[in-house]
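What follows is a single structure, written as C-alpha cells, with notes after it.
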Amino acid sequence: MNEATIDNLYERQFLSELDYRFARFIGRLDGTNDALLLLAASLVSRYRGDGHICIDLAELSGKPIELGESGPRTCPPLKDWLKALEKSPVVGSPGDVKPLILDGARLYLFRYWDYETGLAHALKNMTNARIETFDEPKLKNCVDRIFPRTNDDEKKEMDWQKVAAFSSLRNRLCVISGGPGTGKTFTVAKILALLVEQSGNDTLNIALTAPTGKAAARLQEAIKEAKATLNCSDAVKAAIPEEASTLHRLLKTIPYSPYFRFNVDNPLPYDVVVIDEASMVDLALFSKLTQALRPQSRLILLGDKDQLASVEAGSVLGDICDTGNVHRFSQAFIDVCRRVTGENFTENHSGPTSESISDCIVQFTRSYRFHETSGIHAVSRAVNAGEDDNTLDLIKKGTYGDIHWRNLPRPNELLRYLEDWITGRYDVYLKAADPLKALDHFSRSRILTALREGPYGVHNLNFMIERIMHKKGLIERIGRWYSGRPVMITRNDYNLRLFNGDIGIAMETDGRDGELRVFFPGTEGPLRSFPPLRLPDHETVYAMTVHKSQGSEFDEVLFITPDRDTQVMTRELIYTAVTRAKKKIQVWGKEDVFLTAIQRRIHRSSGLREALWGDRTL
C-alpha cells in the first residue's frame, strides 16, 4: 500500500474540490507544502463535511483509505504526522489563533475548536452551578400536586418525570432524553409550573424553542395542551408561554452573517430556555446559544439521544449524554431527590460517581404512545439494543399489525410498487382547496430513504412519484412548478425566515388569475406564502431522507433501504426511520443490508464527550 497524498485522493474523488483547495491554501500559508500537513488539512476539511468536529490522528495513522479499484492508500505513522504539524506555523495549540489547532492527537479547524471549547466551558459551568438551598417541604408539596400518582402507577415504578423535575430545579442544566411518546414535552410543562411556583415570581422569563419551524410548532401545540391539565393556579399557567420559536429567531439572526444579535456581550433576557429536538442542533448553533445565556439562566434540553445526529457537524446531544455508556446518579443527588419526590432509587441508579453532569441527565423509557404490544415500540427497542436477528424476526413474523416487511423490489419493479403505495395517500392532499388542510393531509404519510442518489435514492423516488401522479391525472406537470408540488427548503434564508427542513406546498390562489404560491405553516400565526421564484434552495419532497425527517412524525411511513451496504446505513438511521411512524410503517429492504446496519453505530470525532465526562483539561 502506498502513502496517501492529496493528489491521488483528489483524483479518486475521495476529496472534494473544496477539500483539495483548502489544503493547497494551507500549504501556501505554511510556505513548505509539506505532504503530511497537506494531507492533514485536506482530511480535516473532508471529515468536517461528514459531520466530524475534528480528526483523530491516532485513529487514522497507519490506517488505509480505500480508493476503490486503485487500492488503498495509508495514512502516515502518528509520530511523523505530529512532528510535521507541531513545527508548522499554521498549526497552533489550544489557546492560539491559527488556522488549525492541534489538541493532543486531535486536529481541528480553528472555528470548530473554538465552538467546541466554548460549549464545553458553558456546559461545565452549568453542571457545577447547583441550587443548594430551597424549601424542601414546600417543594415536596408542589411536586406531589403537579406530579400526582395515578392508577397506572400501582406497580410503583420509578416516576422519572418527578426525577427530571427535581434535576431541573437543582441544576442549571437538565437533559431529558427519551423516544417518541415518552412524555418529554408534557413533563416540561409541569417542570415550568414547578419552577414558576418555586421562584415566587409569576413573571419568570421562559423561552420555548426548537431547531426547525416544524419542531417549534409541535412544541408550541404540546405545551398549550399540557397547560390545560396542570394542577396549579391560573397565574402560574399564565407565566408559561405558549409561543415557541426557532433557535435562529430566538437568537435573532444578522442578515448575511453567521453571527446573532444575542451573544456573550448581549445575553438573552430569559431565566429558563427550553430546547426541544435537541439532537438536531449542531455544534456551532449549540455553542452560540450557550454563549448567549445569562450566568443564572437554566437550560432544559429535550431530545432522543439514540436518534441520528444533526445534519451539520457534531453529535452534541449524544456527547452530552455519553450515549452507549451507563451512568449513575450521585448519592448526594439521590438523598435529596428521595426526600422531595418520594421515589425509591435502587442500587442500579446509584454509583461511585461524584456530583457531576450525570445528575443532570434523566432518561425516559416508558412510552405513552405505544402499547407494549406495538410492533413499532418493540422494533425500536430491539434496534437500540443492537439485536439484529431479533429485530428482523419482529418485523417479518407478522405478529404486529403496525409494522410490515417487504423484500426490496428490483429497480424495474419499483414504479409499480410505488404506485400501489401512493394510491389513497398522496392523492388526498391534492383534493384540498385550503392550503392548511392540504399541508395537514400531506404530513400524514411520507416515504423515507437512506440515500440521495441511486435507484433507491430520494431524487429518483421523487422523479418516479411525479411520473406516477402525472400518469394518474393528479398533477399537471408542465414545467418544474405545478399546483400541488411539495417542496422542502434546503438552505436557510434568514430574511424570509425560511429554514432548512421547512416544508411547503405550491397551490393556485383565488383572485389572482390562478397565481401559483408556495404555502408554509408558521409558528407565529397564519400560513405564509411566497412566489416560487423567491424561495431559497429547495427540492421536491414526496420522499425525503431519514436525516431530513428528524423532528417530524407521520401517521404512516414507508421506509426504503438501499440494495447494498453503505456507511450511511446505521443503527441510529434505522431507529430514527422506525420512530417517525406513529401508527404504521412498511420496511422495504434486503435482509443482509438491514442486519449489517443494525451493528453499525454512528461515530463522529470530537473532544466534547471527553471534556464533559473524562479528564480533558479545558
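Just so you know, all these numbers are worked out from the coordinates, no wet-lab data involved. Worth saying up front: this structure is predicted, and the values here are computed from it rather than measured. Methodologically, a virtual Cβ is constructed for each residue, glycine included, from the backbone with ideal geometry; neighbour enumeration extends over all protein chains shown.
Model label points for E136 and R149, set 7 angstrom from Cα along the Cα-to-Cβ axis, are 2.0 nm apart.
Extent of region 467-618 along its three principal axes (Cα atoms, max minus min coordinate, largest first): 65, 44, 28 Å.
Within the set of other residues whose C-beta is less than 12 Å from the C-beta of A292, count the net charge using Lys and Arg as +1 and Asp and Glu as -1. Could you put the intermediate results ahead of the total?
Working: positive: K252, R261, K288, R294; negative: D265.
Neighbourhood net charge equals +3.
Each label point was placed 7 Å from the Cα along the Cα-to-Cβ direction; for D7 and W481 their separation is 4.9 nm. What is region 259-298 by shape, rounded, prolate or oblate, if you read a ≥ b ≥ c off the alpha carbon gyration tensor as root eigenvalues and call it rounded for a/c under 1.5, prolate for a/b larger than b/c, and oblate otherwise? Oblate shape, in that a/c is at least 1.5 and b/c is the bigger or equal ratio. Taking region 315-331 and a reference point 7 angstrom along Cα→Cβ of A385, the backbone N atoms nearer than 18 Å belong to 324-326.
What base-10 log of the normalised intensity I(q)/I(0) is obtained for region 253-319 from the Debye formula, alpha carbons as equal point scatterers, at q = 0.21, 0.25 Å⁻¹? The Cα Debye sum returns log10 ratios of -0.92, -1.12.
Region 420-525 gives an Rg/Rh value of 0.96, both radii derived from C-alpha positions and Rh following Kirkwood. For the chain, what does the helix formula give at 222 nm: sum of -39500 (n - 2.57) over DSSP H segments with n ≥ 4, over the residue count, nearest 500 deg cm²/dmol? Theoretical 222 nm ellipticity from helices: -11000 deg cm²/dmol.
Considering only DSSP beta bridges where both residues belong to region 475-618, give the percentage that are antiparallel (nearest 5).
Numbers: 14 of 20 bridges.
Looking only at bridges with both residues in region 475-618, the antiparallel portion is about 70 percent.
The Rg/Rh ratio for the chain, using Cα coordinates for both the radius of gyration and the Kirkwood hydrodynamic radius, is 0.97. Computed from label points 7 Å out along Cα-Cβ, the spacing between Y256 and D592 is 5.4 nm. If the segment from A228 to H404 were pulled out straight at 0.36 nm per residue, it would be longer than the present Cα-Cα gap by 59.6 nm.
Only Cα pairs under 8 Å and at least 6 apart count here; give the relative contact order of the chain as a rounded whole percent. Value for the chain: 14 percent.
Here the scattering of region 60-209 is modelled by Debye summation over its C-alpha atoms, one equal scatterer each and no solvent; at q = 0.09, 0.16, 0.18, 0.20 Å⁻¹ the log10 of I(q)/I(0) is -0.57, -0.94, -1.10, -1.27.
Compute the whole-percent fraction of alpha carbon pairs in region 145-237 spaced more than 21 Å apart.
Working: 1420 of 4278 pairs.
Every Cα pair in region 145-237 considered, those over 21 Å come to 33 percent.
Note on K584: lysines with a C-alpha under 20 Å away, same-chain residues under 8 apart excluded, are K396, K397, K548.
Given R₀ = 25 Å, FRET efficiency for S16-H470 by Cβ-Cβ distance, to 0.05?
The pair S16/H470 has a calculated efficiency of 0.10.
Taking every DSSP beta bridge that has both ends in the chain, the antiparallel portion is near 35%.
Separation of the alpha carbons by more than 30 angstrom is noted, of K437/K471; K224/K582; K437/K583; K305/K431, for K305/K431.
Lys and Arg at +1, Asp and Glu at -1: add these up for the other residues within a Cβ distance under 14 Å of S45 and post the number. Intermediate values should be presented prior to the final figure.
Working: positive: R21, R24, R46, R48, R111; negative: E17, D19, D50.
Surrounding charge for S45 is +2.
The mean sequence distance of close C-alpha pairs (under 8 Å, at least 6 residues apart), as a share of the length of region 152-309, puts its relative contact order at 30 percent.
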